[in-house]
1. Tell me, what is the FRET efficiency for Asn125 and Arg65 to the nearest 0.05, using R0 = 30 angstrom and their Cβ-Cβ distance as r?
2. What does the accessible area per residue of region 64-105 come to in Å², with a 1.4 Å probe and no ligands, DNA or RNA counted?
3. Which percent of the accessible heavy-atom area of the chain goes to carbon and sulfur, probe 1.4 angstrom?
4. Given Cβ point charges of +1 (Lys, Arg) and -1 (Asp, Glu) and nothing else, what value in debye, to the nearest 20, does the dipole of the chain about its Cα centre take?
5. Report, as a whole number in µm² per second, the diffusion coefficient that Stokes-Einstein gives for the chain at 4 °C and 1.567 mPa s using the Kirkwood radius over alpha carbon pairs.
6. For region 99-111, what does the Karplus curve 6.51 cos²θ - 1.76 cosθ + 1.60, with θ = phi - 60°, yield as ³J(HN,Hα) per residue in whole Hz, taken in order and with x for Gly and Pro?
7. What whole-number distance in Å separates the alpha-carbon centres of region 1-47 and region 101-168?
8. Report the label-to-label distance for Glu11 and Thr166 in nanometres (one decimal), using points 7 Å from each Cα along the Cα→Cβ vector.
Amino acid sequence: IGAKYRSAGYERGYGFPTSEEQRVGEGVAQKFARGDGRVTALYWTPQHHRVHAVWEPGAIAAKFRRMGGINAVGFPSSHETLITGGGVTQTFQNNSGRNTIIVWSESTGTTSLNSNGGLYWHWRNNGYTTQYGFPKTDETLQANGTVTVDFSKGYRLTWSPNGRITESRI
């Protein structure tokens, strides 16, 4: 964490430390606050061998906490990344290897997808935000065993247990 803090310009980057490095799960975290009140948590885990930042007051961090934080979603495995259409994503990985991507856009808020799953990759490989827009719902398990995600441009993607993905208008 110290090397990341140093490379970001010390307090000019993340602000001043508000805590010591603290052990969390199998890694460590430390929080920093800038003079304008922005708080960033830096996380390191041996699983990723890197330090990733989570902007604490942001929508992605709020969703991360609501979903159970590092105990459920895991450690951040990327920084926040801007995506086409004005959104932001950040990926998290838990101890079992599940990757969850949290997606934020102004029009849809925050949603989550399994970033190793078929729905996510169909979205990414078939037009992404240009075709489908942003996810409006998390992946939702339906009573018939399918999983659906609704998108802001009026599409629903449905994953079936046989691995097939279908697209419909909603």
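The values are calculated or read from the model by the stated rules, or taken from the named source; none is laboratory data. Here the structure is a predicted model, which is why all the values come from computation and not from measurement. Ideal geometry is used to build each Cβ from the backbone, glycine not excepted, and the neighbour counts take in all protein chains shown. What goes into the accessible areas is simple: the full protein's heavy atoms, side chains included, and nothing from ligands, DNA or RNA. Shrake-Rupley method; radii C 1.70, N 1.55, O 1.52, S 1.80 Å.
1. Working: r = 30 Å, r/R0 = 1.01.
After rounding to 0.05, the efficiency reads 0.50.
2. Working: 1890 Å² over 42 residues.
Value for region 64-105: 45 Å² per residue.
3. Values: 4210 of 8810 Å².
That fraction is 48 percent.
4. Values: 18 positive and 12 negative charges, 29 e Å.
In debye, rounded to 20, the chain gives about 140.
5. Values: Rh = 17.0 Å.
Result for D is 76 µm²/s.
6. Values, residue by residue: 9, 10, 10, 9, 10, 10, 9, 4, 7, 10, x, 9, 9 Hz.
7. 33 Å
8. About 6.1 nm separates the two model spin labels.
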